[in-house]
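These notes are about the structure you will find just below.
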Amino acid sequence: MPDLLIELFSEEIPARMQKGAAADLKKRMTDGLVEAGLTYAHAGTYSTPRRLVLSVEGLLDASPDVREERKGPKVGAPDKAVEGFLRGAGVTRDALEERDTPKGAVYFATIEKPGRPAADIVAEVLEQVIRNFPWPKSMRWGEGSLRWVRPLRSILCLLLREDGAETVPLDIDGIKAGNTTEGHRFMAPGRFSVHSFEDYETKLKRAFVMLSPEERADHIRNDAENLAFAAGLEVVEDAGLLAEVAALVEWPVTLMGEIDAQYLDLPPEVLQTSMKEHQKFLSVKNPKTGRIERFITVANRETTDNGATILAGNQKVLSARLADAQFFWENDLRVAKTGMDAWTDALARVTFHNKLGSQGDRIDRIAALSRELCAATGADPDKAEQAARLAKADLSSEMVYEFPELQGLMGRYYIEAAGLGSDVAAVAQEHYSPLGPSDDVPSAPLSVTVALADKLDTLTGFWAIDEKPTGSKDPYALRRAALGVIRLLLVNDVRLALKDVIEKADVGISQNPDGIVGPGVADYFPDLLSFFHDRLKVHLRDKGIRHDIIDACIAMPGNDDLVLLVKRAEALAQVLGTEDGVNLVQGFKRANNILSQAEENDGVSYSFGADPKLAETDTEKALFAALDAAEAAIRPALAAEDFPAAMAAMAALRGPVDAFFEEVQVNADNQILRRNRLNLLNQIRDTCMQIADLERIEG
């Protein structure tokens with residue numbers, strides 16, 4: 001069984017496209033091979049700036065012979081029908097066989113397709129893959145019609161057997177497949193032949209090309225850490241940047257340079273962001289001070305001066321970039337120390353959404369809502385309003401205009417520089433959080449307050465103008481905002497009735513001078529609450545709470561208080577994890593089914609209270625007593641929101657309910673006893689339904 005080696009060699013492929021392109025090459029080639037009958041044992045991909053590589057192991061030598069029997073028209077059918085069948089089957093009339101069937105004589109054709117050599121199939125599939133490759137952007141060059149991300153220079157395509165390598169015959173717009181490739185553009189120019197994957201990889205390394213992007217990344221990481229360690233420093237971890245840098249070079253040479261002393265007092269995040277975005281440098285910090293003091297750059301070649309010229313050029317360009325950053329920083333500090341009014345005024349001229357007004361309008365709404373939320377979060381209302389009005393001021397700053405990813409963080413620096421307090425300053429950075437399911441959740445009351453107001457205003461606004469997520473589309477990140485609200489409430493144990501808060505938020509939106517077009521809050525709140533509940537289900541599912549348990553609790557009053565809802569769900573999940581809880585649910589469902597059927601048949605409701613005096617057996621009397629005891633325990637427990645105690649009292653009914661169904665006939669011949677026992681079942685239902693809607697529990 002041969003192996004297959006493919007290399008598509010081109011001009012430099014953008015770093016951001018290499019990983020996806022390698023995956024596309026693997027999927028499209030292997031799918032095409034398997035569809036044509038060539039199975040394989042393993043496939044792996046590699047990429048460098050100038051090549052995409054696929055290695056397939058254990059490929060069949062040829063596709064198998066195929067014998068297919070196909071049923072045709074009836075004997076005596078019109079000639080056109082028979083001729084159409086012959087064309088489709090690829091046979092002649094004399095190859096047809098007549099067979100008797102229950103519906104009469106029918107033509108059958110036996111189609112035999114001999115297997116094809118692997119080389120023919122590989123050539124056919126690879127040409128289709130190359131001509132239809134899904135590059136995000138592609139180009140044409142020269143006079144050919146072929147499109148590729150950058151000009152495609154050569155194709156290496158070999159079937160590798162123990163007795164040698166076979167070049168697959170392939171010609172795409174004059175580019176003929178061969179058995180040669182090139183090494184490093186500068187350090188090892190010229191082509192060389194290969195005869196196995198091991199030979200290919202070894203010769204590439206001799207020609208200063210590391211084929212594996214993971215190997216290049218590990219090499220850069222290790223060299224960078226060693227250089228930093230020798231200087232008493234450490235590399236700032238950035239896995240995404242490391243992978244990008246590894247995709248920019250074929251032979252990584254790691255160098256450490258110095259940052260001009262005049263820029264060392266810039267905030268470390270500014271230094272790191274500027275070097276990452278403009279130069280693709282890794283940052284090196286002093287672990288004692290947290291200050292960024294040096295940088296790591298990665299060259300694509302070795303030089304006789306050990307990179308001194310490369311470092312000098314990089315440091316010169318970096319100094320120019322950091323001079324800009326310093327200019328932005330100093331200008332922004334001057335504005336901040338005057339009170340940032342110029343920035344907040346400028347936001348009144350920036351449109352947030354044409355139906356929801358400007359950023360200034362939005363800040364006014366968030367500030368007003370923040371005051372309303374303070375009763376629940378425990379924050380100071382005046383400080384909350386102040387923090388809300390300043391939290392987005394840095395959006396007007398020069399630094400954030402240059403580096404939008406620093407929004408919030410720069411606001412924190414600027415507010416602290418203005419002397420407005422670290423708690424108010426922290427809000428600027430923290431009110432955007434949490435940004436995802438694993439992001440940290442703010443805990444400071446001011447930050448929690450403004451973060452909630454920000455996200456609730458967003459959700460209310462887009463529901464008010466009927467711009468909700470649809471399917472996989474969520475252009476305003478409303479799912480993320482809802483999950484953020486949920487996590488803020490749960491982590492900080494903030495008790496809110498969402499309906500009241502949304503109504504207050506809606507008032508601010510409806511007062512927007514631009515006006516809105518959409519349903520009123522009473523119309524859209526049920527849908528918005530359902531949206532919250534859906535996000536909550538996903539959040540709790542990851543914590544091991546089943547969706548039916550959450551549904552059972554959502555059906556209860558107060559379901560817009562998410563903290564209350566989760567406490568109820570957690571307690572119910574704990575009870576249903578016990579044998580008593582599971583069996584009680586079964587008993588409840590049995591009682592409910594019998595009762596519902598009787599009420600439907602009799603046309604009456606058995607909800608008038610059962611009389612213990614009519615109990616005939618000790619088991620029946622015990623159930624009356626157990627229900628009274630449960631009721632006496634459940635009501636105060638629910639009033640105190642002590643759900644574990646309420647659930648425990650409900651679970652204690654398991655024994656008496658089981659015994660009742662084992663020993664007592666509900667539908668007795670005596671109609672007085674029957675009515676009383678049905679009313680008793682209603683009491684079981686009512687008692688359990690105080691806890692949660694157990695009808696929604698599955699199983």
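The values are calculated or read from the model by the stated rules, or taken from the named source; none is laboratory data. This one's a predicted model, so the numbers in the text were calculated from it and none came from an experiment. Don't worry about glycine lacking a Cβ; one is built from the backbone with ideal geometry, like all the others, and counts go over all protein chains shown.
Where helices (runs of 4 or more DSSP H) fall entirely within region 397-501, those with at least 2 residues that are among the β-branched types (Val, Ile, Thr) and within 22 Å of the chain's Cα centre (by Cα) are at 478-492. In the condition set (1) touching a residue at least 24 places away in the same chain (Cβ under 8 Å); (2) assigned by TED's automatic domain parsing to the domain that holds residue 154, residue 202 is compliant with all but (1).
For region 58-88, a residue qualifies if it is closer than 18 Å to residue 36 by Cα and either without any contact (Cβ under 8 Å) to a residue 40 or more places away in the chain or among the β-branched types (Val, Ile, Thr) (or both), and exactly one does: 66.
Table: residues versus (1) farther than 30 Å from residue 416 by Cα; (2) surrounded by fewer than 18 Cβ atoms within 10 Å (Cβ to Cβ).
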| position | (1), (2) |
| --- | --- |
| 452 | no, no |
| 469 | yes, yes |
| 478 | yes, no |
| 523 | yes, yes |
| 534 | yes, yes |
| 538 | yes, yes |
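Return the residue satisfying two criteria in turn: it lies in region 388-414 and is small (Gly, Ala, Ser) and within 28 Å of residue 274 (Cβ to Cβ), and of such residues it is surrounded by the most Cβ atoms within 10 Å (Cβ to Cβ).
Start the filter on region 388-414 by keeping residues that are small (Gly, Ala, Ser), which leaves 388, 391, 393, 396-397, 408, 411.
Going one step further and asking which of them are within 28 Å of residue 274 (Cβ to Cβ), we end up with 391, 393, 396-397, 408, 411.
Details: 391: 33, 393: 27, 396: 20, 397: 26, 408: 20, 411: 29.
Restricting to residues being small (Gly, Ala, Ser) and within 28 Å of residue 274 (Cβ to Cβ), the top hit is 391.
Please indicate, with yes or no, whether at least one residue in region 141-161 is assigned to a strand (DSSP E or B), without any contact (Cβ under 8 Å) to a residue 40 or more places away in the chain and either surrounded by fewer than 19 Cβ atoms within 10 Å (Cβ to Cβ) or not polar (S, T, N, Q) (or both). Checked region 141-161: no residue is assigned to a strand (DSSP E or B), without any contact (Cβ under 8 Å) to a residue 40 or more places away in the chain and either surrounded by fewer than 19 Cβ atoms within 10 Å (Cβ to Cβ) or not polar (S, T, N, Q) (or both).
For region 237-272, the set of residues classified as buried (at least 21 other Cβ atoms within 10 Å of the Cβ) and β-branched (Val, Ile, Thr) consists of 245, 249, 254, 259, 270, listed by residue number.
If I filter region 428-446 down to residues being of a type outside the set (A, V, I, L, M) and touching a residue at least 40 places away in the same chain (Cβ under 8 Å), which single residue comes out as nearest to residue 366 (Cα to Cα)?
Of region 428-446, the ones of a type outside the set (A, V, I, L, M) are 429-434, 436-440, 442-443, 445.
With the extra rule that they be touching a residue at least 40 places away in the same chain (Cβ under 8 Å), the set shrinks to 431, 433-434, 436-437, 442-443, 445.
Working: 431: 11, 433: 15, 434: 17, 436: 21, 437: 23, 442: 17, 443: 19, 445: 15 Å.
Once the filter is applied, the top-ranked residue is 431.
Close Cβ contacts (under 7 Å, 6 or more residues apart or on different chains) running from residues in region 531-544 that are part of a helix (DSSP H, G or I) to residues that are surrounded by fewer than 19 Cβ atoms within 10 Å (Cβ to Cβ) comprise 535/479; 537/547; 541/547.
Residue by residue, here is whether (1) in the same structural domain as residue 507 (by TED's automatic domain parsing); (2) out of contact with any Leu (no Cβ under 6 Å at 6 or more places or on another chain); (3) of a type in the set (Lys, Arg) holds:
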position: 241; (1), (2), (3): no, yes, no
position: 256; (1), (2), (3): no, no, no
position: 276; (1), (2), (3): no, no, yes
position: 308; (1), (2), (3): no, yes, no
position: 322; (1), (2), (3): no, yes, no
position: 354; (1), (2), (3): yes, yes, no
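Consider residue 234 carefully, then state whether it is within 39 Å of the chain's Cα centre (by Cα) and under 30 Å from residue 288 (Cβ atoms). When the stated conditions are applied, residue 234 passes them.
Scanning region 358-396 for residues that are in a loop (DSSP other than H, G, I, E, B) and either under 31 Å from the mean Cα position of the chain (by Cα) or not assigned by TED's automatic domain parsing to the domain that holds residue 421 (or both) yields 391, 392. For the list (1) part of a helix (DSSP H, G or I); (2) buried (at least 17 other Cβ atoms within 10 Å of the Cβ), I need the number of the one condition that residue 606 fails. Only one criterion in (1) part of a helix (DSSP H, G or I); (2) buried (at least 17 other Cβ atoms within 10 Å of the Cβ) is unmet by residue 606, namely (1). Between 679, 667, 601, the distinction of being more than 30 Å from residue 563 (Cα to Cα), among the polar types (S, T, N, Q) and buried (at least 17 other Cβ atoms within 10 Å of the Cβ) belongs to 679 only. Is there a residue in region 200-214 that is out of contact with any Ser or Thr (no Cβ under 8 Å at 6 or more places or on another chain), buried (at least 19 other Cβ atoms within 10 Å of the Cβ) and either hydroxyl-bearing (Ser, Thr, Tyr) or within 30 Å of residue 328 (Cα to Cα) (or both)? No: region 200-214 contains no residue that is out of contact with any Ser or Thr (no Cβ under 8 Å at 6 or more places or on another chain), buried (at least 19 other Cβ atoms within 10 Å of the Cβ) and either hydroxyl-bearing (Ser, Thr, Tyr) or within 30 Å of residue 328 (Cα to Cα) (or both).
Residue 184 meets each of the listed conditions (1) of a type outside the set (Phe, Trp, Tyr); (2) part of a strand (DSSP E or B); (3) surrounded by 19 or more Cβ atoms within 10 Å (Cβ to Cβ) apart from (2).
Pairing residues of region 165-189 that are assigned by TED's automatic domain parsing to the domain that holds residue 51 with residues that are of a type in the set (Val, Ile, Thr) and part of a loop (DSSP other than H, G, I, E, B), at Cβ distances under 8 Å and at least 6 apart in sequence or on separate chains, gives 165/194; 177/168; 179/194; 180/194; 181/194; 183/209; 184/209; 188/209. Is it the case that residue 638 is of a type outside the set (Ser, Thr, Tyr) and in contact with a Leu (Cβ under 8 Å, 6 or more places away or on another chain)? Spelling it out, it is not the case that residue 638 is of a type outside the set (Ser, Thr, Tyr) and in contact with a Leu (Cβ under 8 Å, 6 or more places away or on another chain).
The condition of being surrounded by 13 or more Cβ atoms within 10 Å (Cβ to Cβ), closer than 30 Å to residue 573 by Cβ and in contact with a Pro (Cβ under 8 Å, 6 or more places away or on another chain) holds for only one of 624, 660, 643, that being 624. Of the residues making up region 223-230, not a single one is in contact with a strand residue (DSSP E or B) (Cβ under 9 Å, 6 or more places away or on another chain) and closer than 23 Å to residue 45 by Cα. Scanning region 273-287 for residues that are crowded, with 21+ Cβ neighbours inside 10 Å and in contact with a strand residue (DSSP E or B) (Cβ under 7 Å, 6 or more places away or on another chain) yields a total of 5. Scanning region 1-25 for residues that are farther than 20 Å from residue 181 by Cα and in contact with a Ser or Thr (Cβ under 8 Å, 6 or more places away or on another chain) yields a count of 2.
The criterion of being over 30 Å from residue 272 (Cβ atoms) and small (Gly, Ala, Ser) does not hold for residue 425. Does residue 667 meet the test of being among the polar types (S, T, N, Q), within 22 Å of residue 576 (Cβ to Cβ) and out of contact with any Asp or Glu (no Cβ under 8 Å at 6 or more places or on another chain)? No; evaluated as a whole, the condition is false for this residue.
Considering the conditions (1) closer than 13 Å to residue 692 by Cβ; (2) part of a helix (DSSP H, G or I), residue 621 is excluded by exactly one of them, (1). Checked against (1) hydrophobic (A, V, I, L, M, F, W, C); (2) modelled with pLDDT of 95 or more; (3) outside any helix (DSSP H, G or I), residue 217 meets all criteria but (3).
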